[in-house]
Amino acid sequence: MNLETIISRPAEALILLQKQEEMIELFTKEIASFKEQVEWLKRQLFGRKSERFNPNQMSFDFLIEAIENRPPEEPVAAVETPVAAHTRKSAPHGRSVLPEHLDRVVVEVDIPEEQKILSDGRERPRIGYDDSEKLAYEPGRLYVKVTRRYKYGNPSASEGEPGVLQAPLAETLVPRCMADDTLLAHVAVSKYGDHLPAYRLEQILKRSGIRITRQTICGWMQALGLALGPLVGAIKRVLFETGLIHSDDTSVELLEADERKPESKRIRTARMWVSCAGPRDGPWTVFDFTVTREAEGPKRFFGNYSGKIVCDAYSGYGSLAETGECADGITLYGCWAHTRRYFFNAYNGGDRKNGAEFVALIKLLYEVEAEVKDKSREEILARRQEKSRPIIENIKTKIDTLLPATPPKSLLGKALNYAANNWDRLIRYVDDPQADIDNNAAENAIRPVALGRKNWLFIGNRLSGEAAANIMSIICTCKRAGVEPYAYLLDVMRRLPSMKTSELDPLLPTNWVKPQSAVQS
């Protein structure tokens, strides 16, 4: 549009100018959003993953900015200032004392026999010895366990008496398996506790002269995991009785059974879910495997549950109560760790002032939780009402102030919207001393899955997924209860076949008593 047109038609020119200003504003916001995304991706690739934050950093940033913008000052002559001497305390060092419960194997080092005789022919008396201890290791030993059952005949062959008597074979949890309970327990802990993939276990056995394929090892674990289902059901029952469950999920790769597809195209993304009790309610942890992340998974798992669930903002949890968030006996609680992560991303993404203010306020909430960690429920409730509630009200005021004027696609806008949309869930913990401030219990429980999937890469089939979930449920519960997983699994495999489902309470990790003699027989 030229100058003559602008003069002759000023109304049209004004409209065109307004449209251009709107487009410029839109493009400016999009560019700022793209810059935030680029910075976030750069931090994911090259930056620190830690969310550690010092509230004083905000003041430090502004101080640096002020110094950079200030003109240089005139140089000042150096002045020598005496500094008092001090003594630096060195950190303790040296060898630690080896535990007394370890077996001691004595290796004697003696002088030659001719040096034991004195010049007058008498034997030199021994007056003592010095010991030096080192921690030693002997690789695991494989052996063949032979179960010999004697047969007894009846030469008289009297009527009504059996001709041959023989003791029956003991029941086993995995029938017709060439691996003994001791080996099955070792493989289970190695694979699901220490995250060793089957091919490494295959190589370890091969070094001992035993050729067992990884397919065989996976078959053992599938049979063992499915057989442990009743015990996992008992753990799940006790978990539900606590009334508050932390829940989270992560992705795992699943190899589909469609032989018509090449193996590289048979991989699909499945889910591994974890549900666990809070730190105050016990060690109960249950994993669940689903082929998809659809809401049917949580619905099936929590089908007969009535209580509280601490979770993220995944919509599938909301569908647990179809007529309303707190209907059907299900109440959802939010996670302040997730909220803090959003504001921390905003802080790193450019909005350092607002991001730092929110992160600092959330840090104050966690300081209150540190104070009440070992207190009674009455003290927890009173302290939260006194200290946490004013902080939460301050956070809500800032959210309501910033939200209308913040672009929703910016990192700060995403953080504000996340907090606002989940606000009712986030503040429920203040009035509930049983609840925790975040969902870290579930995140910590599911972290080993993320480590394990880097090693074993994928799950072979759906039944193997269910079996893996059962074994991980038992190992994780044992670890949280302070129970050694190998000894526990070995004893459970020997006792479980002869027990009814209603008799499993003595086998729960918190009730379990380790046998007096750990005999590998």
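Since every read-out is calculated from the coordinates, none of them should be taken as a lab result. Keep in mind that this is a model prediction, so the values were computed, not measured. Reconstructed Cβ throughout: ideal geometry from the backbone, glycine too, with neighbour counts over all protein chains shown.
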Seminar exercise, completed: Everything considered on the Cα gyration tensor (a ≥ b ≥ c; rounded for a/c under 1.5, else prolate if a/b is larger than b/c, else oblate), the stretch 336-436 must be described as prolate
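Just order 239-249, 403-413, 125-135, 161-171 by mean Cβ neighbour count inside 10 Å, highest at the front, would you? Don't jump to the answer; show the numbers that get you there.
Working: 239-249: 21.4, 403-413: 16.0, 125-135: 6.9, 161-171: 9.6.
Packing order, densest peptide first, comes out as 239-249, 403-413, 161-171, 125-135.
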Exercise. Starting at 0 and stepping by 5 Å, how many percent of the alpha carbon pairs of the stretch 146-304 end up in each bin?
Worked result: 1, 7, 11, 13, 14, 14, 12, 8, 6, 5, 4, 3, 2, 1, 0
Exercise. What is the local net charge at residue 395, summed over the other residues whose Cβ is closer than 12 Å to its Cβ (Lys, Arg +1; Asp, Glu -1)?
Worked result: +2
Exercise. For residue 398, which lysines qualify as cross-link partners when the Cα separation must be under 19 Å and same-chain residues fewer than eight apart are set aside?
Worked result: 353, 363, 387, 409, 414
Exercise. If you find the alpha carbon centre of the stretch 226-296 and of the stretch 423-470, how far apart are they in angstrom?
Worked result: 9 Å
Exercise. Once label points are set 7 Å from the Cα along Cα→Cβ at both residue 494 and residue 106, what is their separation, rounded to one decimal in nm?
Worked result: 3.1 nm
Exercise. Which whole-Hz couplings ³J(HN,Hα) result when phi for each residue of the stretch 344-351 is put into the Karplus expression 6.51 cos²θ - 1.76 cosθ + 1.60, θ = phi - 60°, listed in order with x for Gly and Pro?
Worked result: 5, 5, 5, 4, 6, x, x, 8
For this session: Given the peptides 98-107, 476-485, arrange them by the average over their residues of other C-beta atoms within 10 Å, most packed first.
Result: 476-485, 98-107
For this session: With r as the distance between the Cβ atoms of residue 150 and residue 178 and R0 = 35 Å, compute the FRET efficiency 1/(1 + (r/R0)^6) and round to 0.05.
Result: 0.95
Seminar exercise, completed: Quick calc: nm separation of the 7 Å Cα→Cβ label points for residue 38 and residue 9 -> 3.8 nm
Exercise. How large is ³J(HN,Hα), in whole Hz, for each residue of the stretch 170-177 in order, when computed from phi with the Karplus curve 6.51 cos²θ - 1.76 cosθ + 1.60 and θ = phi - 60°, using x for Gly and Pro?
Worked result: 5, 5, 10, 6, 10, x, 6, 10
Seminar exercise, completed: Amide H contacts under 5 Å for residue 245, restricted to residues at least 5 apart in sequence or on another chain and with H modeled in the peptide plane, are 308, 309, 310
Exercise. Ordered by packing density, taken as the mean number of other Cβ atoms within 10 Å over each peptide's residues, highest first, how do 227-235, 25-33 rank?
Worked result: 227-235, 25-33
For this session: Mind giving me the nanometre distance, one decimal, between the label points for residue 123 and residue 454, set 7 Å out from Cα along Cα→Cβ?
Result: 6.2 nm
For this session: Could you please rank 250, 269, placing first whichever residue has the fewest other Cβ atoms within 10 Å of its Cβ?
Result: 269, 250
Exercise. Within the stretch 266-310, whose backbone N sits under 17 Å from a point 7 Å along Cα→Cβ of residue 461?
Worked result: 266-268, 290-291
For this session: Taking a cut-off of 30 Å between Cα atoms, list the lysines near residue 236, but don't count ones fewer than 8 places away on the same chain.
Result: 191, 299, 308, 373, 375, 454, 479, 500, 514
For this session: Assuming R0 = 35 Å, can you tell me the calculated FRET efficiency for the pair residue 45 and residue 398, based on Cβ-Cβ distance, to the nearest 0.05?
Result: 0.65
Exercise. Each residue of the stretch 476-483 in turn: what ³J(HN,Hα) in whole Hz from Karplus with 6.51, -1.76, 1.60 and θ = phi - 60°, glycine and Pro shown as x?
Worked result: 5, 5, 4, 4, 5, 8, x, 9
